[in-house]
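In what follows, a single structure is set out as structure tokens and then discussed.
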Amino acid sequence: MAELAVVYLSTQGNTKKMAEAIAEGARTRHVEVKVDSFFEWDPAEAASADAIAVGSSTFDYAMHPPISKFIDKMVHAGVEGKTGAAFGSYGWSGEAPVQIANKLRKAGMEVIDPVLRIQYSPNEKDLLECNRLGKDLAGKLKRK
Ligand SMILES: Cc1cc2nc3c(=O)[nH]c(=O)nc-3n(C[C@H](O)[C@H](O)[C@H](O)COP(=O)(O)O)c2cc1C
């Protein structure tokens, strides 16, 4: 079965809720999904999935430095040609998902456009959007 890795950094649980809804959406399309905080992931294990979704909230107009370092290690393990997605909760400017997408594209991944950004805590409608992203990722995997 195709595998999707969902990796996130979330300080108060907002991006975590998005990550879990993305995973839930992908699972309805029969893709094997592992979703967890970056802290629990081995970068090489994430890199070995068929598709990788990476999320971070925005702090001081950027993604959090630890997730940036995680992505660098993951990319080093080899992600070229894989499908990716970037997401995150934000308050007022929301740069992190765009920065994540740029890093993944630079590493040769095909990243779903646009990135998914939700202001503060996702509501029911926002969670459906996250489900949709998970389904889109799963659909791309099956076509490969
Ligand atoms: C110290 C601090 C700095 C922040 N800086 C930004 C920022 O520069 N731009 C922005 O859009 N949101 C900013 N936020 C808002 C967070 O991105 C927002 O609260 C988000 O929902 C947190 O999601 P999380 O629980 O997944 O970490 C900041 C929040 C804090 C506490």
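Readers should treat all values here as calculations from the given coordinates under stated rules, not as data from a laboratory. All values derive from a computational prediction rather than experimental measurement. Positions of Cβ are generated from backbone atoms using ideal geometry, with glycine treated the same way; all protein chains shown enter the neighbour counts.
Overview of results
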read-out: Sequence-separation-based contact order of segment 1-98, relative, with Cα cut under 8 Å and 6+ spacing, percent; value: 33 percent
read-out: ³J(HN,Hα) computed for each position of segment 104-109 - Karplus, 6.51 cos²θ - 1.76 cosθ + 1.60, integer Hz, glycine/proline x; value: 5, 5, 4, 7, x, 8
read-out: Under 5 Å, built H, 5+ apart or other chain: amide partners of Tyr90; value: Ile118, Gln119, Tyr120
read-out: Distance between segment 123-142 and segment 44-104 - C-alpha centres, whole angstrom; value: 17 Å
read-out: In Å, descending, principal axis extents of the Cα set of the chain; value: 37, 33, 26
read-out: Mean residue ellipticity (222 nm) of the chain, computed from DSSP H runs ≥ 4 via -39,500 (n - 2.57), nearest 500; value: -13500 deg cm²/dmol
read-out: Reachable lysines, given that their alpha-carbon falls under 18 Å from the alpha-carbon of Lys73 and they are not under 8 places away in the same chain; value: Lys82, Lys103, Lys106
read-out: Where chymotrypsin sites (Phe, Trp or Tyr not before Pro) fall in DSSP loop in segment 62-144, at most 10 other Cβ within 10 Å; value: Trp92
read-out: Student exercise, segment 3-143 dipole from Lys, Arg, Asp, Glu Cβ charges, in Debye to nearest 20; value: 300 debye
read-out: Hz values of 3J(HN,Hα) by residue in segment 76-84 - Karplus curve (6.51, -1.76, 1.60), Gly and Pro given as x; value: 4, 6, x, 9, 4, x, 7, 7, x
read-out: Label point distance in nm, Ala77-Thr11, each placed 7 Å from Cα along Cα→Cβ; value: 2.7 nm
read-out: Residue-span extension gain [Leu128 to Ser68] - 0.36 nm each, minus C-alpha spacing; value: 18.9 nm
read-out: Per-residue HN-Hα couplings for segment 110-126 [Karplus 6.51, -1.76, 1.60; θ = phi - 60°; Hz; x = Gly/Pro]; value: 9, 9, 4, 10, x, 5, 9, 10, 10, 7, 6, 7, x, 8, 4, 5, 4
